[in-house]
1. Can you grab the distance from the C-alpha centre of the stretch 152-215 to the C-alpha centre of the stretch 93-141, Å, no decimals?
2. Which parts of the stretch 215-246 would a label at residue 181 reach, counting a residue when its backbone N lies under 16 Å from a point 7 Å out along Cα-to-Cβ?
3. What is the distance in Å between the Cα centroid of the stretch 25-82 and that of the stretch 324-346?
4. Which whole-number percent is the relative contact order of the stretch 243-379 (Cα, under 8 Å, 6+ apart)?
5. For an R0 of 35 angstrom, estimate the FRET efficiency from the Cβ-Cβ distance between residue 41 and residue 221 and round to the nearest 0.05.
6. Once you treat every alpha carbon in the chain as an equal point and sum by Debye, what is log10 I(q)/I(0) at q = 0.11, 0.15 Å⁻¹?
7. For the stretch 217-292 and the stretch 297-316, compute the distance between their C-alpha centroids and round to whole Å.
8. Could you list 45, 199 so that the one with the fewest beta carbons within 10 Å of its beta carbon is first and the one with the most is last?
């Protein structure tokens with residue numbers, strides 16, 4: 001079976017590695033170079049996008065910011081999952097907010113901004129502080145502002161206005177800043193028959209807006225049930241097929257959606273060894289029309305992001321139940337270069353293993369590990 005992935009980054013790479021044992025052969029369309037490539041070897045195929053669509057049994061995507069003409073072409077093929085609507089909702093916060101409201105899933109109060117009067121309205125109606133996000137661009141903490149003092153409104157508006165002037169279709173969301181206890185996410189898969197398999201909720205730690213650490217196996221059942229409810233409502237509303245990720249703020253035990261990602265997700269990389277069937281295989285299974293795999297937690301697990309580093313120290317493999325995953329990309333500061341997964345039979349043992357890793361992974365480049373280790377060991 002042939003599958004085409006829109007996007008040729010590390011998520012397409014991991015889909016290809018998961019699909020190979022299922023006899024699913026994946027090619028990727030690099031939307032930047034407009035080339036069809038092998039997502040693992042980098043081989044360039046002498047194929048147009050149209051030809052790649054024609055030879056594929058199914059099509060999916062590894063990220064949201066895909067040109068509209070490419071999305072339309074894939075949608076018209078009848079092979080594209082999760083489909084144009086889902087991808088566009090993930091890539092446009094205004095559409096995402098509308099989806100959340102329609103599905104009855106709670107999120108932070110907001111005002112959509114296209115002109116200065118909208119911005120002034122947001123300041124009055126939502127009160128300060130505000131989180132301000134571009135709707136059609138921005139990821140990993142980019143394309144965002146914080147307004148805590150009305151005296152800074154004019155200065156921030158100048159930057160917002162410059163963004164809006166680039167494209168008349170651009171808009172900005174002003175959200176009420178929500179004090180939250182932690183950030184969590186849920187990842188689930190929905191197949192073409194509407195069956196759903198949902199992974200345990202993951203607790204996430206971010207540094208400067210970028211995910212640095214995800215931890216599975218520490219979230220209470222009440223949180224899991226809220227996440228399942230939100231996932232089910234959104235997946236059904238979209239008639240979703242594939243893996244869908246939802247990020248939440250945990251506000252004193254109540255979940256508010258921060259954003260959705262209509263694809264496999266960084267916070268789900270722990271599933272590669274913490275669950276029987278990882279998110280990449282389940283996404284491929286769903287898109288290909290195969291039965292979903294088991295999503296139960298096998299053992300407590302953590303994922304450590306490798307950001308802007310030239311390599312992963314091979315010495316981390318001295319720690320039991322540790323695996324490293326390298327993406328083979330050019331090194332840039334803050335860029336996701338790979339990740340490290342670690343598992344253990346108990347949370348306490350997981351803490352001990354993460355503590356052991358701190359001797360190989362320094363706090364500056366791998367923030368939060370020592371704190372996480374101490375917390376787990378005390379559980």
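1. First find each Cα centre; the distance between them is then 11 Å.
2. 217-227
3. 25
4. For the stretch 243-379, the relative contact order is 18 percent.
5. Using R0 = 35 Å, I get an efficiency of 0.20.
6. -0.80, -1.44
7. Cα centres, the stretch 217-292 to the stretch 297-316: 21 Å.
8. Ordered from fewest to most neighbouring Cβ atoms within 10 Å, 45, 199 come out as 45, 199.
A short reminder: the numbers here are calculations on the coordinates, not readings from a lab. Bear in mind that the values here come from a model prediction, so they are computed numbers and not experimental data. Note: ideal-geometry Cβ built from the backbone for every residue, glycine included; neighbour counts use all protein chains shown.
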